[in-house]
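Asks: One structure coming up, written as structure tokens, with questions to follow.
The values are calculated or read from the model by the stated rules, or taken from the named source; none is laboratory data. Quick caveat, the model's predicted, so the values are computed rather than measured. Don't worry about glycine lacking a Cβ; one is built from the backbone with ideal geometry, like all the others, and counts go over all protein chains shown.
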Amino acid sequence: MSQDEYPTCRYETPDGSFKCSRVSQDDRGYCTGHLHVDGFDGTGLDQAALEEMIEKKDGTWTGLQFISEVKLDDLKIDFPIDARRTKFHGLELSKILLKEEINFSDASFKNKIIFRDKVIFCESAIFLNVNFNCVVTFENGTSFEGVADFRKAVFTGYVQFSHVNFCHPPKFDACAFEDDFLAKSSFLNGCSFSGTVFHEAVKFLGNRSHVLVVDSATIHVHTGQGELNQKEESNKTLLQGGGAKLRESIISLKNLFIGIKKKTQNYFKALISRTKKISTRVANFINDPSVEFISSMSGKIYFEDVKFLKPEKVWIERADFRKALVKGTYFNGVSLVGVNWEQEKLGRNGIYDDVFLMESFSGKSREFVYPVIESQYRHLRTVLENNKDFLAASDFYIGEMDYRLRQKGILGRFFSISAFYNYLSRYATRPLRAIFAYFVLLGIYITLSILITGDFVCLWERAYSGLSLMTLKASSNTLEFDGPHKWLDLAFRIIGPFQIALIALSIRNQVKRN
């Protein structure tokens, strides 16, 4: 096989969408960048070759292999780059402006990949099905102004996204993170992790936007020259001997030690005072309403069917889950700190899947999803209780019971135990509703009593009689009615204590959640 037979490189992608047109280097028919395809793994391009390609505005990097680490700094690249199936030994970008689309699909990275100090992708950045066999670090002003697509990527090393700006929700669907994952305030415009598997520790952390200024102060400890001279003189006096001199020396030493003691005490007092001032300032800073807290995640979040293989190592902090779809994701053992579940349309905390169901489905298709939403509410309620977030857990219990009620027939929705449990106390979560329901029941008793007897007098006596029998007082039937009225009294002797129990339970739950 001669070079004349293959004047150009014969490399092409498996799907035939790309064929290399570079000059072949030998009789094997491959250019230098594609010799690895023919089994020569140690061959490839270096940084100088890449810099030459950038200078010539050659963005056709498909299938190339770079055998050394590539570091690019302070460049503006205004042409599209096709880096599909490219192999990088290492890639470090700093202060790079990429004005056109860049495609790393099916590429692989070894050793490291670092984007820092204002690496800006003006158009789409595609990392579809990429193998990141290295540490991945995106930080310090890295910005994706177009769509960032990491779907089906495999991250075998430590991954860190620190203050990365994604103008559009990045896609991490069906990814695998085999090592630790850290994200700090990077997903503020939504994100998608549906079907993603996290093998090790996971941290989604928020941040504070602040400037903390502590005035500099130095506490000086002075040992004066006069004291040193005095100490030297006293030592000389001791050597000379003599009672008077000895006495004067002892007095001098005593005064010296007293002076040192006072200065030491003053020093520690000043130190303690300064420490208290700094502690007070830090405490005021923490409680300062002007400090802006930045979420770890916010916007439209797709977090469905996510798997945490080590949930005890997962920490999600200050996430805004008001628009997070979490169906099919189990958070058992996960630490949820400061997560916002508030749903304005529900008037309580809840999952966005609930709101999304009401907005997007109707009829039988909606009823088909009811058991799934109920199960997700039940699961998250137990998780929130384990995280001591009783306020949200109480609201999630309401969501769980509501969806259980919706799965009953028409009669069951209005005349079942669950329905009355809802009417009388909102599932023992609303004390005011329970108290209001108690007085409604009392009003019903008074009305039925009047209808049975046909007597409209003694209204206050009837009210007192109702209160008495609903609290199981012995002298409840103060009006001494017979006949059907006795059955009415008996019914409310049973109903009353149940409602009082609901009031007590609602108050207990209210205290617990607060």
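Asks: Leu346: of a type in the set (A, V, I, L, M) and outside any helix (DSSP H, G or I), yes or no?
Replies: Values: of a type in the set (A, V, I, L, M): yes; outside any helix (DSSP H, G or I): yes.
Taking the combined requirement at face value, the residue satisfies it.
Matching residues to (1) buried (at least 19 other Cβ atoms within 10 Å of the Cβ); (2) of a type in the set (Asp, Glu); (3) closer than 22 Å to Phe308 by Cα:
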residue: Phe138; (1), (2), (3): yes, no, no
residue: Arg151; (1), (2), (3): yes, no, yes
residue: Tyr158; (1), (2), (3): no, no, yes
residue: Lys171; (1), (2), (3): yes, no, yes
residue: Phe177; (1), (2), (3): yes, no, yes
residue: Leu182; (1), (2), (3): no, no, yes
residue: Ser185; (1), (2), (3): yes, no, yes
residue: Arg208; (1), (2), (3): no, no, no
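Asks: Another question, if that's okay. Quick one: count up the residues across the range 149-171 that are under 20 Å from the mean Cα position of the chain (by Cα) and assigned to a strand (DSSP E or B).
Replies: 7
Asks: Determine the pairs where a residue that is surrounded by fewer than 19 Cβ atoms within 10 Å (Cβ to Cβ), located within the range 14-42, has a partner that is among the aliphatic types (A, V, I, L, M) and modelled with pLDDT under 85 with Cβ atoms under 8 Å apart, the partner being 6 or more residues away or on another chain.
Replies: Listed pairs, sorted by first residue: Gln25/Leu35; Asp27/Met1; Arg28/Met1; Arg28/Leu35.
Asks: What's the total number of residues in the range 300-353 that are among the acidic types (Asp, Glu) and touching a strand residue (DSSP E or B) at 6+ places or on another chain (Cβ under 7 Å)? Spell out how you get there, then give the answer.
Replies: Of all residues in the range 300-353, those among the acidic types (Asp, Glu) come to 304-305, 312, 317, 320, 342, 344, 353.
With the extra rule that they be touching a strand residue (DSSP E or B) at 6+ places or on another chain (Cβ under 7 Å), the set shrinks to 304, 317, 320, 342, 353.
Final tally of qualifying residues: 5.
Asks: While we're here: Please work out if Thr137 is at pLDDT below 95, in the same structural domain as Phe181 (by TED's automatic domain parsing) and of a type in the set (S, T, N, Q). Don't jump to the end; show me each part of the working.
Replies: Working: at pLDDT below 95: no; in the same structural domain as Phe181 (by TED's automatic domain parsing): yes; of a type in the set (S, T, N, Q): yes.
So Thr137 fails the test.
Asks: Here's a follow-up. If only one of Ile410, Ile435, Ile446 is more than 30 Å from Val372 (Cβ to Cβ), β-branched (Val, Ile, Thr) and at pLDDT below 85, which one is it? It would help to see each step written out before you state the result.
Replies: Working: Ile410 fails: more than 30 Å from Val372 (Cβ to Cβ); Ile435 fails: at pLDDT below 85.
Within the list Ile410, Ile435, Ile446, the selection yields Ile446.
Asks: Select from the range 71-120 the residues that are part of a loop (DSSP other than H, G, I, E, B) and aromatic (Phe, Trp, Tyr) and write down the one among them that is surrounded by the fewest Cβ atoms within 10 Å (Cβ to Cβ).
Replies: Step one: of the range 71-120, the residues part of a loop (DSSP other than H, G, I, E, B) are 78-80, 83-86, 89-90, 99-101, 104-107, 117-119.
The next check asks that each one be aromatic (Phe, Trp, Tyr); those that pass are 79, 104.
Working: Phe79: 15, Phe104: 27.
Filtering the range 71-120 for residues that are part of a loop (DSSP other than H, G, I, E, B) and aromatic (Phe, Trp, Tyr), the one surrounded by the fewest Cβ atoms within 10 Å (Cβ to Cβ) comes out as Phe79.
Asks: Any residue in the range 154-166 that is more than 19 Å from Gly206 (Cα to Cα), touching a Phe, Trp or Tyr at 6+ places or on another chain (Cβ under 6 Å) and either in contact (Cβ under 8 Å) with a residue 24 or more places away in the chain or of a type in the set (Lys, Arg) (or both)?
Replies: For the range 154-166, residues more than 19 Å from Gly206 (Cα to Cα), touching a Phe, Trp or Tyr at 6+ places or on another chain (Cβ under 6 Å) and either in contact (Cβ under 8 Å) with a residue 24 or more places away in the chain or of a type in the set (Lys, Arg) (or both): present.
Asks: Something else: Could you list all residues from the range 349-391 that are in a helix (DSSP H, G or I) and either among the charged types (D, E, K, R) or touching a Ser or Thr at 6+ places or on another chain (Cβ under 6 Å) (or both)? Before the answer, list the steps.
Replies: Residues of the range 349-391 that are in a helix (DSSP H, G or I), as a first pass: 352-360, 363-386, 390-391.
Answer for the range 349-391, where residues must be in a helix (DSSP H, G or I) and either among the charged types (D, E, K, R) or touching a Ser or Thr at 6+ places or on another chain (Cβ under 6 Å) (or both): Asp353, Asp354, Glu359, Lys364, Arg366, Glu367, Glu374, Arg378, Arg381, Glu385.
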